[in-house]
Each structure stands twice: as C-alpha cells, then as structure tokens.
Amino acid sequence: MKYGILVDITRCIGCYACEEACAERWGNPITEEHRLSAIQNTAVEDHDGIYVPRLCMHCEKPTCASVCPVGAFQKTKLGPVVYDPLKCLGCRYCIQACPFNVPKYQWNKLNPKVTKCDMCYERIQKGGVPACVEACPAEARTFGTREELIEEAKRRINENPETYYPHIFGLKEAGGTSILYLADRPLNKLGFKVNLPEVPLSHFTEQIMSKIPNYIFWGGTLLFGIWWITKRRDEVQRLQKKLKEMEENNKKGNGK
Amino acid sequence: MVALFVLATILICITIDYLVQRAQKKREVYQPQVVLSSESFILPRGYFFSKAHTWLELLFSGKVYVGVDDFISKVLGKVDAIEILPLGEKVKKGEPIFKIKQGARELTFLSPVTGKITAINPNILESPETILKDPYLNGWILMIEPEDVASEVKNLLIGSEASRWLKNEIKRFREFISREAPKFSPTLEPTLADGGLVIKGVLQNVDEKTWEKFEKEFIGQL
Amino acid sequence: MKIKVPKLTFWGFVFWIIVALGIYSTILRFTKGLGAATNLSDNFPWGLWIGFDVLCGVGLAAGGFVIAAAVYIFNLEEYKSILPSAILTAFLGYLLVIVALLYDLGKPWNIWHPIIMWNPESVMFEVAWCVMLYTTVLALEFSPMLFQKLRLEKPQKIIKSLTIPLVVAGVILSTLHQSSLGSLYLIVPEKLHPIWYSSNLPYLFFLSAVAVGPAMVTIESYLSSRAFKREIEIHILAKLAKVTAVALMVYFVLKVEDIVNYKLFPHIFSLGYESLMFWLEFAIGVIVPIALLTNSKIRGSKKGLFVAQLITVLGFILNRLNVSITGLENYTQAGYFPKWTEISVTLFIVALGFAAFRLIAKHLPVFPPEVEERKIIAEGFEVIPIREVFKD
C-alpha cells in the first residue's frame with residue numbers, strides 16, 4: 001500500500017494554511033518567503049497569480065536514496081521518502097542530484113541536517129493524514145493510495161477537460177512520484193523542470209555501477225597476467241644472455 | 001568564472017615565482033665564487049684527471065661524472081655543439097665517447113673508463129658553452145657507471161700528481177704553439193713580456209693541420 | 001645574546017600569511033558553520049572545495065598509480081627512480097583530499113559511516129571506499145621509505161613481498177576512483193550543461209587522469225629539482241610525456257565522438273559563456289598539449305617539457321572546474337563565487353601539501369641515491385696561475 005498526495009493547482013487559493021500546518025508539524029517559524037528552504041518543507045509559490053504548492057515529490061525510485069553513500073534516505077513501504085540525520089555525513093550529494101531541487105540544507109548550523117518533507121510519515125503510520133492535507137480548506141491536496149489518486153486525477157481531467165491540461169505530472173517523470181500534480185497548463189510554465197527522463201535517474205549510474213564487480217575481477221586478472229608475462233620475458237632474456245656468454249666462454253676455451 | 005579565477009590564480013603564482021627566481025639568480029651572480037680567470041687554471045682537488053684532458057668525479061655510488069678540464073675550455077675559446085654517444089651505450093676505455101665541435105671541425109675525446117653511459121647532461125646539449133664557463137660543476141658532460149672502479153682509478157691522476165701533470169701540459173702547450181704558431185698565425189706568438197702566453201681561444205685561430213696535431217698530441221692518448 | 005632569525009624567502013613569507021588566514025578560516029568554519037565560511041547554497045551545494053580540492057586533488061595524484069603500474073606491472077625499471085616521489089605526491093594528495101572533505105562535509109565526524117552503512121548503488125559510496133582503500137594502499141606503498149629510515153628490516157620485507165598485490169589493488173582502486181568522480185555527474189543529466197554531460201564522463205575522467213599523472217610528476221620533479229638542487233631525469237620524463245600524449249589523443253577521439261553523438265555542434269559553435277569555456281578547456285587541456293608533446297624536440301628540452309606539461313595540468317583543472325561549477329551555473333541560475341575564506345582554506349591545504357612534501361623529501365629517502373652531493377666547494381680548488389708555471 002503506497003500512499004501519495006494529489007495536488008490540484010487549479011484549486012489552490014493561496015491561503016498558506018498548509019505552510020502553517022507544516023511549520024507547526026516541524027516546529028519551524030512562520031515566514032513570508034513562500035519557497036522551499038531549510039525552514040519550509042512545503043511552500044506555496046506564486047507564479048503570476050497562480051498558486052503552486054511545492055513539497056517533496058516522494059519519488060518511486062528516489063534519486064536522493066540512490067546517491068546517498070550511507071543510505072540516509074529510504075523509500076518506505078507506505079510511500080514517504082524519509083531521512084535519517086544520524087546516518088548522514090553531510091556530503092550534500094542529495095541536494096546536488098535531486099531532479100526537483102527539494103532537499104535543503106541547514107547551512108548555518110554546526111550539526112546541519114538535510115531538510116525535506118516526509119509526508120508526515122509518523123501520522124501515516126498511525127493511519128492519519130499529512131498535516132498539510134488536513135489543513136487545506138480548498139481540497140487542493142488529496143491524500144490516498146497512488147492508484148486511487150491516479151484514478152481520481154484521470155476522472156477530473158475527463159470530467160472537466162476545459163479546466164485541466166491533460167497531463168498528470170508525476171505519473172512517469174523520473175520514474176514516477178508519489179506526489180501527483182494537476183494544473184490548467186503545462187507545469188514547465190509553473191516553475192517545474194520538465195526535461196526529465198521517464199526512467200529513474202539512478203538508471204544512469206546503475207549502468208556504470210553494475211560493471212564494477214566485473215571490472216575488479218577482470219582488471220585484477222589482466223594486471224596479474226601482464227605482470228607475469230613481463231616478468232617471465234625478462235627472466236627468459238636474462239637466461240638467454242647467460243647462455244650466450246657461456247657459449248662464448250666455451251669457444252674461447254676451445255680455441256686455446 | 002570560478003574556473004577562470006582558479007586558472008588566473010595559478011598563472012599569477014607562476015609569474016611571481018618566475019620573477020622571484022630571476023631576482024634570486026641576479027643576486028647569486030654577486031655571490032663570491034671561484035672565478036675562472038684567463039691568468040690561471042683551476043683544478044678541483046678531489047677530481048680525477050685522465051691524460052686526455054677529461055676529469056672524473058667519483059660519486060658515492062661508484063658512478064662518475066665526466067667532463068673536460070679547464071685547460072681544454074681555455075684553449076678552445078668557443079664551442080658550437082657537443083655530440084655524445086647515446087644513453088645506455090657501453091663504452092670501452094680509450095674509445096671515442098664525445099665530440100666537441102667548433103664550426104666545421106671537431107675534437108674527439110676518449111672515454112677514460114670502461115662502463116655504461118647512465119646519464120647525459122641535458123643542459124650541455126642546449127647550451128654547450130657551459131663547459132667554458134663552468135667546466136667542473138654544471139659543465140659535466142655525461143655520467144658513466146664503470147665496470148670496475150678500482151682498476152680504473154689506478155691510471156688516473158689526482159691531487160698533487162694532477163697538478164704537476166697539468167703544469168707540464170701547459171708548458172708543453174706553449175712549446176707546441178711556439179713550434180706551430182709562427183707558421184700559421186702571427187697573433188699567436190708568445191707576446192707577453194714575462195714569458196706568459198695568450199692561451200684563451202688559441203685554437204680558434206689555428207689552421208686545420210695544427211688543430212689535428214693538437215688533437216693527436218694532447219687528447220689522442222690516455 | 002644574539003637570536004638567530006632564519007632567513008625568510010619570498011615564498012616562505014607567503015606561506016605564513018596563508019597559514020594565518022587559513023587558521024582564521026578554519027576557526028570560522030568549525031565555529032560558525034558552512035553558511036558563514038562559504039558561499040554555498042541550496043542552489044550550489046558543491047563549490048570550490050569539491051571542484052578544486054577534491055576533484056583536481058584526486059586527479060593530480062594520479063601520477064602514483066601510473067608510475068607504479070609502469071614499474072611493477074609492465075616491468076619498466078627505468079621509471080623506478082621517480083616512483084618514490086610519485087608515490088609520496090599521491091599519498092599526500094589523498095591525505096589532503098581527506099582534509100578538504102573534513103572541511104566540506106556538514107558532519108565530518110561521520111566521515112567513517114560508509115564503512116558500516118552501505119549503499120552500493122551510490123557513486124559517492126564507491127568514492128568513499130576508494131578514498132579509504134587507496135589511501136591505505138598508498139600508505140603501505142609509502143611505508144618502506146619510513147622503515148628504511150628507521151632501519152626496520154622486517155616490516156620492509158613484509159611490504160616488499162606484498163608489492164605486486166598492493167600495486168594491482170592500487171591500479172584498480174585508482175581506475176575506479178578516477179572514473180567514479182566522473183560518474184558522480186551522470187545522475188544530473190538535466191542539470192549539467194550538455195557540453196559536459198555525457199555517458200562517457202567516467203571514461204573521460206579516467207583518461208584525463210592518466211594524462212595528467214605524468215604531467216604532475218614532471219612538474220613535481222621540476223620543483224623538487226629546484227628545491228633540492230638535483231638534476232632532472234629529463235630522459236625519463238620525456239618518455240613519460242608520451243603516456244600523456246597518447247591518453248589525450250584517446251580523450252580527444254572520445255570527446256569528438258560525444259560532440260557528434262550528443263549533437264553538440266549548435267552548443268559549441270554558438271558564442272556563449274559555456275562554449276567559450278569549453279573551447280578554452282579543450283584547447284589548453286587537449287589540443288595544445290598533444291601538439292607540443294608529440295614534438296620530440298619540445299619533449300626533449302627541459303623548458304619545453306615543463307611548459308607543455310604545465311599546460312596539460314591547467315587544462316585538466318579547467319575541465320574539472322567546468323564540470324563541477326561552470327556547467328551547473330546555467331541550470332541553477334544562481335551564480336557562485338567562493339567566499340574569501342573558502343579560497344583561503346584551499347590555499348592553506350595546498351600550502352600544507354607543499355610543506356609536508358618538502359619536509360618528508362628532506363628526511364626520508366624519497367629521491368634516488370644517484371642524486372649525490374657534488375663534493376666540489378670553493379675551497380676545494382687549486383688555483384694555478386700561468387705565470388708561476390713558467391717561473392720554474
């Protein structure tokens with residue numbers, strides 16, 4: 001059972017109730033920045049009067065989890081991608097690699113953490129609903145299993161084709177995400193990068209990473225082989241030289 | 001921008017370093033050192049000399065640096081190129097090992113030891129005149145790994161023996177010039193009133209025959 | 001009483017200024033955090049420390065494995081004389097990379113975590129393991145110099161018997177490590193500028209590391225010959241330069257293939273920041289070095305070889321910084337320029353490297369015994385005035 005959130009941009013009224021609920025959930029201060037940051041794990045961006053709620057996409061095959069050297073990110077069975085600050089060593093590869101630019105860093109702390117939305121994992125475990133979904137007065141965020149949400153999104157597009165741009169963002173992007181978006185226009189006009197491949201990004205490193213065990217084996221064998229051959233060649237040369245010298249000495253001896 | 005900044009920083013460091021080096025070199029020039037003068041010969045006390053006017057410096061490893069002595073650098077006056085047997089070549093004592101060229105003519109020097117050439121002074125190939133300015137240190141020509149150091153050393157001269165021999169060579173050279181010089185070049189007459197001799201660059205002016213005679217008489221035999 | 005003040009050279013003076021500033025920046029970094037000491041941001045999480053100290057640092061240490069492979073695997077004895085200094089350079093290089101990481105990591109006290117917390121899917125995990133293992137291998141390869149100095153026979157023998165496995169492990173780890181630094185960027189196809197993004201990144205990184213290894217050995221030989229007043233093994237370095245030339249030629253072919261495959265012509269032939277940076281990198285990192293190093297006359301001259309290899313190194317640095325910084329500027333829209341404290345930490349680390357090399361080279365048998373003190377000193381001359389010869 002994998003949960004997710006369907007974000008319907010056409011319904012968002014920009015009241016920032018979700019931001020406040022999220023700040024309360026994390027104990028963060030309220031700000032007027034309205035963009036994802038170390039103190040905002042969800043934010044409602046204003047794109048020329050269109051309100052776009054942003055939060056971690058909770059990818060099906062998360063890039064952050066793939067790149068983290070110590071596995072501080074985990075895709076849980078319930079859907080949320082969670083972060084373990086105790087494992088983290090602060091290399092910030094997750095921030096560099098995330099195709100949605102979600103993870104943020106506590107740059108000014110001496111024991112800094114990566115910050116991002118965890119879909120209120122604890123509440124979901126107890127059968128609850130994420131704080132931002134609960135707080136939204138306009139039902140712009142719908143919580144449910146990913147399958148339900150996809151059906152719901154399709155239904156909305158079919159029933160109101162003039163309202164929606166017929167694309168569910170997150171269905172296939174970067175291998176699919178648990179957070180899905182509906183809007184009245186393509187999302188690249190709303191600040192999303194859409195040049196994303198449909199395969200998870202980890203696909204690009206898997207190709208090379210999977211070759212490593214083979215490389216170690218064959219590389220090692222090859223190097224030992226070359227070493228053995230060059231050593232042998234030198235030995236043979238040395239022996240031949242010795243033989244030649246001995247022959248010459250013999251000749252000299254015979255001559256006398 | 002960052003890339004350009006890093007590159008610029010490195011280039012600035014290299015430029016400053018270059019200038020610092022140059023300034024240091026200028027200062028070094030004023031430091032007292034052994035000056036080669038045209039009025040005297042110098043002879044390092046710890047060097048071995050062969051009778052064909054090559055010197056050897058014995059290193060701790062048993063290898064030797066080889067060069068030409070101050071006498072040769074004085075009488076030559078000018079060097080255009082030096083030709084050396086290739087690196088790794090095995091040489092026998094008494095066989096030709098390098099040539100010093102002056103214009104179209106050359107002097108062939110004989111190897112003072114038997115062994116393998118293990119290094120060639122790269123600076124010498126670029127600026128052969130180093131052997132005139134600094135024959136004993138930076139003017140080394142090649143390095144040889146002798147097959148048997150002990151047996152080689154016996155036939156070489158060192159210390160007072162070398163000094164006596166060199167003095168004798170200078171005398172012999174004066175006789176050689178006064179015998180050959182008047183015939184070919186009047187400027188080579190022993191002009192100095194006190195019996196001295198203009199030695200510097202004498203060979204530059206002599207003709208082919210004298211050149212060959214010099215080669216035969218002074219460096220042709222060990 | 002007179003106090004003897006050691007004479008301070010120009011670079012000695014600069015060194016102490018760098019150390020003073022470096023200490024200040026270090027204190028700032030570890031008391032106020034990354035935010036206060038750097039211009040890094042969520043848009044630009046990796047800056048000068050990763051781009052230069054780590055990416056370039058590891059690459060410039062490549063001389064160690066290239067020479068070790070030549071000497072022990074290919075049995076090319078002639079390179080043996082430059083092996084100790086190449087190993088020392090690589091060892092110090094890796095130690096300094098670790099030092100730089102301690103500055104850059106948000107939680108440096110967790111640096112050992114990859115040992116027990118595994119994520120084999122992560123390129124960074126591979127990088128972490130390669131750094132750990134290869135630094136260990138380099139320490140072992142370096143240790144005979146220390147044992148020799150301490151006159152410890154037994155450990156010397158043990159290490160000697162392990163030479164070949166150690167060298168093989170070193171070559172494999174280096175290959176993996178050099179290429180995996182390129183693989184790090186495979187996961188950002190949509191962020192890295194197309195001029196630099198390529199599925200060949202790991203191979204390109206490896207090849208340029210092989211090329212720059214000998215180049216660094218050359219520069220290091222030049223500098224140490226100056227510092228320790230010893231001759232340069234020019235014939236060896238000239239031969240090594242061929243390795244650089246060949247690696248760069250393969251690099252050239254691979255990059256041209258990329259340009260064709262990824263249809264980069266519109267990118268590289270339009271006038272822009274990225275295309276100009278690319279051409280600069282490609283010219284001084286690949287084309288000019290190939291042109292210079294294939295010329296045997298330039299290869300054979302001390303100055304020519306040094307200048308050519310210096311250009312190779314500069315081009316290499318430009319390439320790494322282009323991939324790690326220039327290529328990401330357009331995507332993030334946010335500019336990045338290091339804060340002065342970042343620069344000062346980098347200079348500090350480089351200066352420490354120079355100082356450590358000097359110290360170790362002075363006290364351990366890093367340089368081959370052929371380099372012997374010339375005995376001649378000013379007093380060692382006998383001066384024979386010509387007049388005196390004719391007096392008697």
If you take the residues in the range B:128-168 that are away from chain C (no Cβ under 11 Å) and hydroxyl-bearing (Ser, Thr, Tyr), which one is farthest from the chain's Cα centre (by Cα)?
B:Ser151
Six or more apart or on different chains, Cβ atoms under 6 Å: show the pairs whose first residue is in the range A:182-204 and among the small types (Gly, Ala, Ser) and whose second is open to solvent by less than 30 Å² (accessible area, probe 1.4 Å).
A:Ala183/A:Ile9; A:Ser202/A:Ser66
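Considering A:Cys68, A:Cys59, A:Cys12, A:Cys64, which residue is at negative phi and in contact with a Gly (Cβ under 9 Å, 6 or more places away or on another chain)?
Details: A:Cys68 fails: in contact with a Gly (Cβ under 9 Å, 6 or more places away or on another chain); A:Cys12 fails: in contact with a Gly (Cβ under 9 Å, 6 or more places away or on another chain); A:Cys64 fails: in contact with a Gly (Cβ under 9 Å, 6 or more places away or on another chain).
Being at negative phi and in contact with a Gly (Cβ under 9 Å, 6 or more places away or on another chain) holds for just one of A:Cys68, A:Cys59, A:Cys12, A:Cys64, which is A:Cys59.
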Is there a residue in the range A:155-162 that is out of contact with any Gly (no Cβ under 9 Å at 6 or more places or on another chain) and in contact (Cβ under 8 Å) with a residue 12 or more places away in the chain?
yes
Please specify each residue of the range A:1-38 satisfying the condition of being over 29 Å from A:Glu162 (Cβ atoms) and of a type in the set (Asp, Glu).
A:Glu19, A:Glu20, A:Glu24, A:Glu32, A:Glu33
Can C:Leu237 be described as open to solvent by 30 Å² or more (accessible area, probe 1.4 Å) and under 30 Å from B:Asn138 (Cβ atoms)?
no
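Yes or no, residue by residue, for (1) without any contact (Cβ under 8 Å) to a residue 12 or more places away in the chain; (2) more than 30 Å from A:Gly90 (Cα to Cα):
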| residue | (1), (2) |
| --- | --- |
| C:Phe10 | yes, yes |
| C:Phe15 | no, yes |
| C:Gly22 | no, no |
| C:Asp42 | yes, no |
| C:Ile73 | no, yes |
| C:Leu76 | yes, yes |
| C:Leu83 | no, yes |
| C:Leu92 | no, no |
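Give, as residue ranges, the helices (runs of 4 or more DSSP H) completely inside the range A:141-256 that count at least 1 residues that are within 14 Å of chain C (Cβ to nearest Cβ) and aliphatic (A, V, I, L, M). Spell out how you get there, then give the answer.
Numbers: elements: A:146-159, A:202-209, A:212-255.
Passing ranges, in order: A:202-209, A:212-255.
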The lone condition A:Phe73 fails out of (1) within 10 Å of another protein chain (Cβ to nearest Cβ); (2) free of Cβ contacts under 8 Å to residues at least 24 places away in the same chain; (3) more than 17 Å from the chain's Cα centre (by Cα) is (3)
Return the pairs, sorted by first residue and then second, in which the second residue is among the aliphatic types (A, V, I, L, M) and open to solvent by less than 50 Å² (accessible area, probe 1.4 Å), the first residue lies in the range C:125-136 and is away from every other protein chain (no Cβ under 11 Å) and in contact (Cβ under 8 Å) with a residue 40 or more places away in the chain, the beta carbons are less than 6 Å apart, and the residues are 6+ apart or on different chains.
C:Leu133/C:Leu173; C:Tyr134/C:Leu173
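Sort out for me the helices (runs of 4 or more DSSP H) sitting completely within the range C:259-337 that have 1 or more residues that are open to solvent by 70 Å² or more (accessible area, probe 1.4 Å). Steps first, please.
Values: elements: C:265-268, C:273-282, C:288-293, C:296-300, C:302-321, C:327-332.
The qualifying helices (runs of 4 or more DSSP H) are C:265-268, C:273-282, C:296-300, C:302-321, C:327-332.
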List the helices (runs of 4 or more DSSP H) inside the range C:1-92, counting only whole elements, that have at least 1 residues being within 14 Å of chain A (Cβ to nearest Cβ).
C:10-32, C:34-37, C:63-68
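Being modelled with pLDDT of 95 or more, in contact with a Pro (Cβ under 6 Å, 6 or more places away or on another chain) and away from chain C (no Cβ under 14 Å) narrows it down to one of A:Val82, A:Val7, so name that one. Quick ask: steps written out before the conclusion?
Working: A:Val82 fails: in contact with a Pro (Cβ under 6 Å, 6 or more places away or on another chain).
On inspection, the qualifying residue turns out to be A:Val7.
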Yes or no: A:Glu60 without any contact (Cβ under 8 Å) to a residue 24 or more places away in the chain, among the acidic types (Asp, Glu) and more than 24 Å from A:Arg185 (Cβ to Cβ)?
no
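Does C:Ala100 satisfy the criteria of being away from chain A (no Cβ under 12 Å), buried (at least 18 other Cβ atoms within 10 Å of the Cβ), within 23 Å of C:Leu48 (Cα to Cα) and touching a Phe, Trp or Tyr at 6+ places or on another chain (Cβ under 6 Å)? First the steps, then the outcome.
Details: away from chain A (no Cβ under 12 Å): yes; buried (at least 18 other Cβ atoms within 10 Å of the Cβ): yes; within 23 Å of C:Leu48 (Cα to Cα): yes; touching a Phe, Trp or Tyr at 6+ places or on another chain (Cβ under 6 Å): yes.
Here the answer is yes, as C:Ala100 does meet what is asked.
Quick check: is even one residue across the range C:145-155 within 14 Å of another protein chain (Cβ to nearest Cβ) and either surrounded by fewer than 18 Cβ atoms within 10 Å (Cβ to Cβ) or touching a residue at least 40 places away in the same chain (Cβ under 8 Å) (or both)? It would help to see each step written out before you state the result.
Step one: filter the range C:145-155 for residues within 14 Å of another protein chain (Cβ to nearest Cβ), giving none.
Checked the range C:145-155: no residue is within 14 Å of another protein chain (Cβ to nearest Cβ) and either surrounded by fewer than 18 Cβ atoms within 10 Å (Cβ to Cβ) or touching a residue at least 40 places away in the same chain (Cβ under 8 Å) (or both).
The values are calculated or read from the model by the stated rules, or taken from the named source; none is laboratory data. Note that the structure is a prediction, hence the values are computed from the model and not measured. All Cβ positions, glycine included, derive from the backbone under ideal geometry; neighbour counts span all protein chains shown. Remember, those area values only see protein heavy atoms, side chains included, never the ligands or the DNA or RNA. Shrake-Rupley method; radii C 1.70, N 1.55, O 1.52, S 1.80 Å.
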